[in-house]
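The values are calculated or read from the model by the stated rules, or taken from the named source; none is laboratory data. Only a predicted model underlies this, so the values are computations on that prediction, with no experimental measurement involved. Note: ideal-geometry Cβ built from the backbone for every residue, glycine included; neighbour counts use all protein chains shown.
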Amino acid sequence: MLAPMPAIGETLAISSAGVTPLFAALTLVMALAVVVSLLSIRFRQSLLVGYLLCGLLIGNFGMHWLTGVEKDSPVISHLSEIGVILLMFTLGIEFSLSELRHLWRRALLTGGLQMALTAGAAGLVAAVAGYGSAECVVLGVAVAMSSTAVAMKTFHDIGQHNNPGARASLGIALFQDILVIVFFLLMPVLYQGGGVGVAGQIGMALMKGGLFLAGAWLLGQYGLNRLLHLVARTRSRELFTLTVIGLCAGVAYAGSALDLSLALGAFTAGLVVSESIYSHRILSDILPFKDLFLAIFFIAVGLMVDLSVVAEQWWRIGLLSAGILAAKGAVVFMVLKLARLPGRPALLAAGSLASMGEFSLVLLGRAGEYRPFDPALEQTLLFCTAASMAVVPSLMRAASPLGRWLERRGILAAHQLPQAPLNPTKAIKSVTDHAIICGYGPVGRALNEALKRCGVQTLVVELNADTVRSLKREEQLVLFADATHPEALDLAGIGRARLVAFTFPAVETTCAAVPLVRERNEGICIFARAKFPDEVTRLRLLGVQVIHDERESAVAMVRAAMTSYDRPDIDPEEIVGETMEQG
């Protein structure tokens with residue numbers, strides 16, 4: 001007699017025997033994320049919504065059944081922690097102190113007013129609801145925080161990164177990031193009273209945080225750059241990436257050891273390298289993973305949501321989410337109008353900052369370590385944060401049509417500020433119609449000088465760290481990056497450039513880069529060097545205008561020889577052309 005067939009769940013459990021829960025969960029997450037993302041694109045929805053739905057589906061309908069991982073398993077919290085740490089690191093890299101120096105007035109005014117109004121209102125609501133003073137402060141700050149990652153990604157996705165609203169949004173986001181660092185330092189004082197007194201506790205917390213930040217700064221100034229310089233000289237991408245990830249993990253662990261949280265440590269690690277000459281190279285290496293980090297973060301948030309609690313509290317969650325989006329959007333719009341920003345850019349910035357953010361979740365998680373929140377409140381805040389972040393791209397896309405509609409009815413003044421770059425101190429982000437020079441040897445140096453004398457804006461892509469340092473001192477736009485990396489080309493603004501020149505004779509490198517260039521800018525002029533005739537043929541098949549080193553050398557030598565013998569009637573081009581065809 002045949003034995004009975006096992007149930008589907010038993011079969012899957014048997015097949016996954018010996019597989020670690022984390023690997024099983026990660027496999028399921030990635031596989032379903034692809035399917036859900038394709039459906040999101042098909043129905044023209046934000047990928048962030050797809051990631052959130054993916055986490056909700058797995059966490060509530062498939063996690064235990066397919067992987068054996070329980071809903072409250074530490075695997076889920078570990079997955080979320082990984083996503084948060086990596087996301088905070090990329091945010092730290094993109095946080096620029098030079099941007100802060102330029103935007104500090106606007107950041108202080110608009111950011112401070114936005115945080116005060118929003119946190120004050122949210123804290124007052126929490127107090128009326130009966131929460132303690134510490135919880136009111138934490139909830140107020142958490143609600144006031146916005147998602148820098150989602151806002152800045154969407155600005156680039158919709159082509160509005162040079163909009164005045166983007167610059168205003170960045171100023172407020174910078175203030176929020178700085179404030180949350182200080183708040184992390186003071187949180188132990190907020191929850192742990194007594195001892196040496198409040199003033200003494202605040203002083204100790206600030207001193208501990210100050211020592212940590214000072215140590216990170218010293219590492220960046222006197223240790224990191226030298227280490228990265230040595231690693232960069234090896235020309236090994238693998239070693240460079242390993243060094244960067246090791247730095248992130250090391251500083252994050254140091255922050256955790258000082259009771260400052262892994263997320264804050266990872267953000268600080270990003271800050272350490274943000275002003276380095278290697279920051280663009282690091283970004284080009286990290287950018288391929290940034291969207292993955294964001295996906296893991298949103299999926300992990302979805303995994304932690306308990307739909308049974310959401311179903312019981314759906315009206316409360318719906319009202320709270322709508323209230324947060326409406327109130328924060330209104331506050332940001334009002335603050336920016338007080339700062340004399342025109343209506344349409346103010347609407348765009350309001351949409352970008354209307355949600356709660358990734359730091360909100362980190363903050364609430366940190367507060368829960370001192371005094372756990374009620375599970376229903378925790379689930380409510382978790383879902384509100386995720387849902388509001390997922391709605392931000394749609395709000396930003398709707399800002400421009402809404403602005404035009406309001407202008408036609410005279411509600412908003414139809415006045416526009418001139419386009420201002422998102423990062424004025426780093427013109428790389430806003431330069432257009434420029435020439436990209438890959439390699440800065442003698443040929444690249446001469447071409448750069450000639451183009452600059454003609455009034456053409458140039459940007460150099462170079463892998464020699466010493467050369468990059470020298471060009472930085474000369475205020476030449478330069479990236480320490482590899483031209484064969486698509487992320488490096490995007491950072492160089494290849495889609496906005498008119499010309500790209502590969503000034504080195506490494507044909508293999510040029511052939512690898514040309515298709516990537518064409519994908520991003522089909523009509524761009526591409527120049528390259530080649531030594532041998534077969535290399536010339538390969539490059540011409542790719543549509544490249546080739547400078548043939550042997551031919552040009554032959555023409556120059558024949559012309560010099562004919563001049564010596566006073567024979568101007570001999571055409572060097574004709575002679576060289578005939579002999580090379582014969583050869």
Quiz prompt | Residues of the range 552-566 classified as surrounded by 18 or more Cβ atoms within 10 Å (Cβ to Cβ) and either under 45 Å from the mean Cα position of the chain (by Cα) or not assigned by TED's automatic domain parsing to the domain that holds residue 515 (or both), total | solution = 0
Self-check item: Condition met for residue 541 (of a type outside the set (Phe, Trp, Tyr), crowded, with 16+ Cβ neighbours inside 10 Å and assigned by TED's automatic domain parsing to the domain that holds residue 482)
Solution: no
Self-check item: residue 482 vs. criteria within 19 Å of residue 441 (Cα to Cα) and of a type in the set (D, E, K, R)
Solution: yes
Practice problem: Using the structure shown, decide if residue 378 is charged (D, E, K, R), farther than 22 Å from residue 90 by Cα and at pLDDT below 80. | Solution: no
Quiz item: In this structure, does residue 386 turn out to be hydrophobic (A, V, I, L, M, F, W, C) and farther than 21 Å from residue 179 by Cα?
Solution: yes
Quiz item: Since residue 144 meets every condition but one in (1) under 17 Å from residue 385 (Cα atoms); (2) within 22 Å of the chain's Cα centre (by Cα); (3) surrounded by 22 or more Cβ atoms within 10 Å (Cβ to Cβ); (4) modelled with pLDDT under 90, which condition does it not meet?
Solution: (4)
Quiz item: Quick one: would you say residue 349 is part of a helix (DSSP H, G or I), farther than 19 Å from residue 331 by Cα and at pLDDT 80 or above?
Solution: no
Practice problem: Give the residue, chosen from 281, 340, that is modelled with pLDDT of 80 or more and of a type in the set (D, E, K, R). | Solution: 340
Exercise. Report, ordered by the first and then the second residue, all pairs with beta carbons closer than 9 Å, sequence separation of six or more or different chains, a first member in the range 54-65 that is not assigned by TED's automatic domain parsing to the domain that holds residue 304, and a second member that is at pLDDT 75 or above and of a type in the set (S, T, N, Q).
Key: 54/37; 60/308
Practice problem: Could you run through the range 325-337 and say how many residues are of a type in the set (D, E, K, R) and modelled with pLDDT under 90? | Solution: 1
Quiz item: If residue 484 passes every condition in (1) touching an Asp or Glu at 6+ places or on another chain (Cβ under 9 Å); (2) part of a loop (DSSP other than H, G, I, E, B); (3) polar (S, T, N, Q) but one, which one does it miss?
Solution: (1)
Practice problem: Look at the range 505-535 and say how many of its residues are touching a residue at least 24 places away in the same chain (Cβ under 8 Å), assigned to a loop (DSSP other than H, G, I, E, B) and within 31 Å of the chain's Cα centre (by Cα). | Solution: 2
Quiz item: Can you name the residue in the range 487-504 that is part of a loop (DSSP other than H, G, I, E, B) and not hydroxyl-bearing (Ser, Thr, Tyr) and, of all such residues, is surrounded by the most Cβ atoms within 10 Å (Cβ to Cβ)?
Solution: 492
Self-check item: Scan of the range 420-442 for residues that are crowded, with 16+ Cβ neighbours inside 10 Å and at pLDDT below 85, ordered by number
Solution: 421, 422, 423, 426, 428, 430, 431
Quiz item: Which one of these is closer than 21 Å to residue 385 by Cβ and either of a type in the set (Ser, Thr, Tyr) or over 16 Å from the mean Cα position of the chain (by Cα) (or both): 151, 168, 119?
Solution: 119
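For every residue, the table says whether it meets (1) at pLDDT 75 or above; (2) assigned to a helix (DSSP H, G or I); (3) in the same structural domain as residue 468 (by TED's automatic domain parsing); (4) surrounded by fewer than 16 Cβ atoms within 10 Å (Cβ to Cβ).
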site	(1), (2), (3), (4)
206	no, yes, no, yes
221	no, yes, no, yes
241	yes, yes, no, no
248	yes, yes, no, no
260	no, no, no, no
270	yes, yes, no, no
285	no, yes, no, no
299	yes, yes, no, no
Quiz item: What about residue 361, is it under 26 Å from the mean Cα position of the chain (by Cα), in a helix (DSSP H, G or I) and more than 22 Å from residue 129 (Cα to Cα)?
Solution: no
